[in-house]
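**Student:** Structure below; questions to follow.
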Number of protein chains: 2
Amino acid sequence: MYQVNISQTVNELKELLDEERVSQNPTVLEQHSKDESYHTPSLPDVVVFPKKKEEVAAIMKLANQYEIPVVPFGIGSSLEGHVIPYEGGITIDFTLMNEILEIRENDLLVKVQPGVTRTQLNKALKQYGLFFPVDPGADATLGGMAATGASGTTSVKYGTMRDQVQDLEVVLADGTIIHTGSLAVKSSSGYHLTGLFVGSEGTLGCFTELTLKVYGIPEYMMAARAVFTTVEDAVNAVVAIRQTGIPVARVEFVDAHSIRAVNHFEQTDYPEKPTLFFEFHGNEAGLKEDVKFTREILEAFQCQEFIHETDNAKRNQLWKARHHMAYAFIHTYRNRKFMSTDVAVPISELAGAIGFGTNVLQDSGIPGGIVGHVGDGNFHICIMIDVNDPDDIARANKLNQEIVTYALSRGGTCTGEHGVGIGKKKYQEKEHGAALAVMRKIKEALDPKGILNPKKIF
Amino acid sequence: MYQVNISQTVNELKELLDEERVSQNPTVLEQHSKDESYHTPSLPDVVVFPKKKEEVAAIMKLANQYEIPVVPFGIGSSLEGHVIPYEGGITIDFTLMNEILEIRENDLLVKVQPGVTRTQLNKALKQYGLFFPVDPGADATLGGMAATGASGTTSVKYGTMRDQVQDLEVVLADGTIIHTGSLAVKSSSGYHLTGLFVGSEGTLGCFTELTLKVYGIPEYMMAARAVFTTVEDAVNAVVAIRQTGIPVARVEFVDAHSIRAVNHFEQTDYPEKPTLFFEFHGNEAGLKEDVKFTREILEAFQCQEFIHETDNAKRNQLWKARHHMAYAFIHTYRNRKFMSTDVAVPISELAGAIGFGTNVLQDSGIPGGIVGHVGDGNFHICIMIDVNDPDDIARANKLNQEIVTYALSRGGTCTGEHGVGIGKKKYQEKEHGAALAVMRKIKEALDPKGILNPKKIF
């Protein structure tokens, strides 16, 4: 723990920024004590709202001098306690750095400040016929998405945040400002710092500017839903589709439990069976051929029902059961909190892993269901837990432990997209072995005083 | 320089490996003193040929103990002196570690040893209907391609080595063996070490096993060639095509000088004008639509001739001028050595950069031409220099200096795909600024004695 007079620090921060952008208001502290996870909140000592990189650099220099912990904060939508300041200190809220700085439409690049949210960006891109593909569900800030290495339903085609970040402006622990990349889409010059900083969860620096790849809105989109008898058939159909190279833009798995929850909540009558939701992007003739070929493959895996739509409204209607799955659980169990596992496994192990997950979920007695970004081998066991019941917490932890152990034994990872934060620290040694020491050495080399988001990842 | 009795080290190495896999034969030393670049050769003290990771770890432990430089060596096809042992020491040749360990066809992954070459891998993959997309021209080893972050003509669709490497087994400077990733295609667990080690040019560790992504051979391929009046029209047509999102698999630019060299060498009669070579991968109906749309866009940029082919032999024939460009120069100027610049710029700056490059080339008086992976903003000024003429070397360096300065001033990079090695060290400070110190800190943290490929990158 740091030993400094916090009121003196607050006074110095007020000299660096305007007085109203340095807050110790209890409500503001409380807002920055938590994220969307079930992890125990913890208050920061002070929250600051910088407007430019020079201010962030000055804050970091001060923090470094006094060895005060610093937690960068986007919108607080992280799922593993990433932004909870367990050692107090300064939380840097990037809300006021929310400008879209430049849309380089010919380069398919945008420069944004870290507080810009993905829907804000997509709204601005639309008039250029462009879009940003990473969609983690929440309307997260792009700085936060880069910090946690976020991804989502479109990663099977477009990749994760790591694939989209072209350059980061980073304020390091000592206040130095660096750029990790350039505007060239391809480079072999020096170490790939962009790849290292994306997903570093605020432990290596604060991002003050991001250059991101964007894409032309596809000429034509098609959505489809396919219903299966067994989980194995559904997953194996996805394996077969991937091998053909059909460029699926999204492919989501939803289990029978989840469909049932949606039917109950929405008064719908979807078949309560393992279901795949597809989206295809491309040109009209190509997609028609892709969908025809997909259907043939699905039929070989005993697909019982296959519906596809091109019209925007109908596409959304078709995907409704997927979109509303989390809401259905949350609204059905209002006194419980949503929690989700996040393993990813090699695709060949996915059917087995989901089968194992189904049993583990059933054994736990906790209400929930399974959804998966099956094209990536990543799936979530979504459970509704009573955070005030220690037994329920213990059951949830046991469930997570079991599915992580299973995934690691099959060459997988404890977290496909939610990150480590505080919740998955305990699996790092087992997953990374000797590589964890390499990560620690990098952390120590770049943040020797350990002030950046302490207690996270390690 | 290290202070150790090399004959004692050689004896110890012979105890670790068989005697015949530790060589000080002058021919062997000479073979490992150079790569394919114009950089001055330098002999290693000894070359070792390990067969397994445990041997590599033992070699590294020994080298670390005595502080002897170690250079990992694939096939010697690097272009910036990466494998030249300027401080002597031990060169580790990975030729004997050339086994394809596992083809996980359902996962679209392969595990290979570092000495496997890309054509060896593609031959093995073919029977599974799979292929590995990165094609840097040379039949390089996959270990070398990962170490230099190689790419090539297909990167516009499939990405570079960095995008294909799923996991690396790395022997660190102290002999520790780590894995940088897992078999899950998506992970947010810990720092992204894979991204850091790919392109680290042997300065952070020796790769002893690689897990790589592979792809289904496309159902249908189409090649096309388009001839333009001006460089601007050709490049701007590519910008427009990228914006539409047409999934081009390759798009290469060849300038009029290069076409002329090919015509001269091959006795062909290609129009001696700026030319684009395309390749499209997909399904038949989709490609026909893509090619039709591409043609419409090209016509808007005064394309004078557009020919496309689907038959394999005819596709190769159509691309001949691109494939034979380097040979044409090399065989026309037999007493000179091929050298190539490698800048990449944001696509919006590409027409200007190629125009600038054309002028610089003309002013230099050196014979040569320009080719480019234009979809990536990466292009090469290929020149034929007399390495025995200091004036010619000076002219070549001036040309490179000018094009790099231009590229950096436009937000580009000094090297799109060849890497830094010895040749581009002088541009690192200018390109990376304060980020170079971060790279150095990482190097010092992981290789405190500086034994791994010294004098490279930094």
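**Student:** Part of a helix (DSSP H, G or I), closer than 25 Å to B:Gly245 by Cα and within 11 Å of another protein chain (Cβ to nearest Cβ): which single residue out of A:Ile246, A:Ile241 fits that description?
**Tutor:** A:Ile241
**Student:** Have a look at B:Ile100, B:Ile92 and point out the one that is open to solvent by less than 30 Å² (accessible area, probe 1.4 Å) and away from every other protein chain (no Cβ under 14 Å).
**Tutor:** B:Ile92
**Student:** Give the residue, chosen from A:Asn359, A:Asn388, A:Asn397, that is within 23 Å of A:Pro41 (Cβ to Cβ), more than 9 Å from every other protein chain (Cβ to nearest Cβ) and assigned to a helix (DSSP H, G or I).
**Tutor:** Criteria check complete, one pass: A:Asn397.
**Student:** Given (1) surrounded by fewer than 21 Cβ atoms within 10 Å (Cβ to Cβ); (2) farther than 27 Å from A:Ile84 by Cα; (3) within 14 Å of chain B (Cβ to nearest Cβ); (4) polar (S, T, N, Q), identify the lone condition not met by A:Thr176.
**Tutor:** Just one mismatch for A:Thr176, condition (2).
**Student:** Scan segment B:19-46 residue by residue and report those that are more than 30 Å from B:Thr341 (Cβ to Cβ) and touching a Phe, Trp or Tyr at 6+ places or on another chain (Cβ under 9 Å).
**Tutor:** The answer is B:Glu20, B:Arg21, B:Val22, B:Ser23.
**Student:** Is it the case that segment B:73-87 has a residue that's farther than 20 Å from B:Phe207 by Cα and either touching a strand residue (DSSP E or B) at 6+ places or on another chain (Cβ under 6 Å) or at pLDDT 95 or above (or both)?
**Tutor:** yes
**Student:** Go through (1) under 27 Å from B:Gly282 (Cα atoms); (2) surrounded by 15 or more Cβ atoms within 10 Å (Cβ to Cβ) and name the single condition A:Ala300 misses.
**Tutor:** A:Ala300 satisfies every listed condition except (2).
**Student:** Could you list, in sequence order, all residues of segment A:132-155 that are within 14 Å of chain B (Cβ to nearest Cβ) and of a type in the set (A, V, I, L, M, F, W, C)?
**Tutor:** A:Phe132, A:Val134, A:Ala140, A:Met145, A:Ala146, A:Ala147, A:Ala150
**Student:** Of A:Ala445, A:Ala394, A:Ala407, A:Ala437, which residue is hydrophobic (A, V, I, L, M, F, W, C), surrounded by 24 or more Cβ atoms within 10 Å (Cβ to Cβ) and not assigned by the TED database to the domain that holds A:Met145?
**Tutor:** Only one candidate passes the filter, namely A:Ala407.
**Student:** Being without any contact (Cβ under 8 Å) to a residue 40 or more places away in the chain and open to solvent by 10 Å² or more (accessible area, probe 1.4 Å) is the requirement here; does B:Asp269 meet it?
**Tutor:** Considered against the rule, which asks whether it is without any contact (Cβ under 8 Å) to a residue 40 or more places away in the chain and open to solvent by 10 Å² or more (accessible area, probe 1.4 Å), B:Asp269 comes out as yes.
**Student:** I'd like the full set of residues that are among the aliphatic types (A, V, I, L, M) and more than 19 Å from B:Asn122 (Cα to Cα), limited to segment B:63-108.
**Tutor:** If the condition is that a residue be among the aliphatic types (A, V, I, L, M) and more than 19 Å from B:Asn122 (Cα to Cα), then B:Ala63, B:Ile68, B:Val70, B:Val71, B:Leu79, B:Val83, B:Ile84, B:Ile90, B:Ile92 are the ones that fit.
**Student:** Only residues that are assigned to a helix (DSSP H, G or I) and surrounded by fewer than 23 Cβ atoms within 10 Å (Cβ to Cβ): list them for segment B:337-352, please.
**Tutor:** Result: B:Ser348, B:Ala351, B:Gly352.
**Student:** Here's a check for you: in segment B:362-374, which residue that is touching a strand residue (DSSP E or B) at 6+ places or on another chain (Cβ under 9 Å) and either small (Gly, Ala, Ser) or facing chain A (nearest Cβ under 10 Å) (or both) is nearest to B:Ile393 (Cα to Cα)?
**Tutor:** Of everything passing the filter in segment B:362-374, B:Ser364 is nearest to B:Ile393 (Cα to Cα).
**Student:** Here's a follow-up. Report the residue count in segment B:210-235 for those that are surrounded by 20 or more Cβ atoms within 10 Å (Cβ to Cβ) and within 24 Å of the chain's Cα centre (by Cα).
**Tutor:** Residues meeting the conditions: 7.
**Student:** Would you call A:Ala344 within 14 Å of chain B (Cβ to nearest Cβ), in contact with a helix residue (DSSP H, G or I) (Cβ under 9 Å, 6 or more places away or on another chain), in contact (Cβ under 8 Å) with a residue 40 or more places away in the chain and under 27 Å from B:Lys186 (Cβ atoms)?
**Tutor:** yes
**Student:** For residues that are under 30 Å from B:Gln243 (Cβ atoms) and either touching a Pro at 6+ places or on another chain (Cβ under 8 Å) or in contact (Cβ under 8 Å) with a residue 40 or more places away in the chain (or both), tally how many sit in segment A:289-307.
**Tutor:** Summing the residues that are under 30 Å from B:Gln243 (Cβ atoms) and either touching a Pro at 6+ places or on another chain (Cβ under 8 Å) or in contact (Cβ under 8 Å) with a residue 40 or more places away in the chain (or both) in segment A:289-307 gives 4.
**Student:** Does A:Ser188 fit the bill of being open to solvent by 10 Å² or more (accessible area, probe 1.4 Å), facing chain B (nearest Cβ under 8 Å) and either closer than 29 Å to A:Pro50 by Cα or modelled with pLDDT of 95 or more (or both)?
**Tutor:** No.
**Student:** Next question. I'm trying to understand the selection: among the residues of segment A:445-458, which are more than 7 Å from every other protein chain (Cβ to nearest Cβ) and not aromatic (Phe, Trp, Tyr)?
**Tutor:** Residues satisfying the conditions are A:Asp447, A:Pro448, A:Lys449, A:Gly450, A:Ile451, A:Leu452, A:Asn453, A:Pro454, A:Lys455, A:Lys456.
**Student:** Another one. If you check every pair at least six apart or on different chains, which have Cβ atoms under 8 Å apart with a residue in segment B:425-441 that is more than 9 Å from chain A (Cβ to nearest Cβ) first and a residue that is of a type in the set (Phe, Trp, Tyr) and open to solvent by less than 60 Å² (accessible area, probe 1.4 Å) second?
**Tutor:** Going by the 8 Å Cβ cut-off, the qualifying pairs are B:Lys425/B:Phe458; B:Arg440/B:Phe458.
**Student:** Could I ask something else about it? Which residues, taken from segment B:1-24, are without any contact (Cβ under 8 Å) to a residue 12 or more places away in the chain and either among the hydrophobic types (A, V, I, L, M, F, W, C) or in a helix (DSSP H, G or I) (or both)?
**Tutor:** B:Ser7, B:Gln8, B:Asn11, B:Lys14, B:Glu15, B:Glu19, B:Glu20 - these are the residues of segment B:1-24 that are without any contact (Cβ under 8 Å) to a residue 12 or more places away in the chain and either among the hydrophobic types (A, V, I, L, M, F, W, C) or in a helix (DSSP H, G or I) (or both).
**Student:** Could you list, in sequence order, the residues of segment B:41-53 that are farther than 18 Å from B:Val116 by Cα and open to solvent by 30 Å² or more (accessible area, probe 1.4 Å)?
**Tutor:** B:Pro41, B:Leu43, B:Asp45
**Student:** How many of the residues in segment B:409-423 are touching a residue at least 60 places away in the same chain (Cβ under 8 Å) and either more than 7 Å from chain A (Cβ to nearest Cβ) or of a type in the set (A, V, I, L, M) (or both)?
**Tutor:** Residues that pass the stated criteria total 5.
**Student:** Would you list the strands (runs of 3 or more DSSP E) that sit entirely within segment A:25-120 and hold 3 or more residues that are more than 22 Å from the chain's Cα centre (by Cα)?
**Tutor:** So the answer is A:46-48, A:100-104.
The values are calculated or read from the model by the stated rules, or taken from the named source; none is laboratory data. Because the structure is a prediction, the values reported are computed rather than measured. Note: ideal-geometry Cβ built from the backbone for every residue, glycine included; neighbour counts use all protein chains shown. Ligands, DNA and RNA are excluded from the accessible area calculation, which covers all protein heavy atoms including side chains. Shrake-Rupley method; radii C 1.70, N 1.55, O 1.52, S 1.80 Å.
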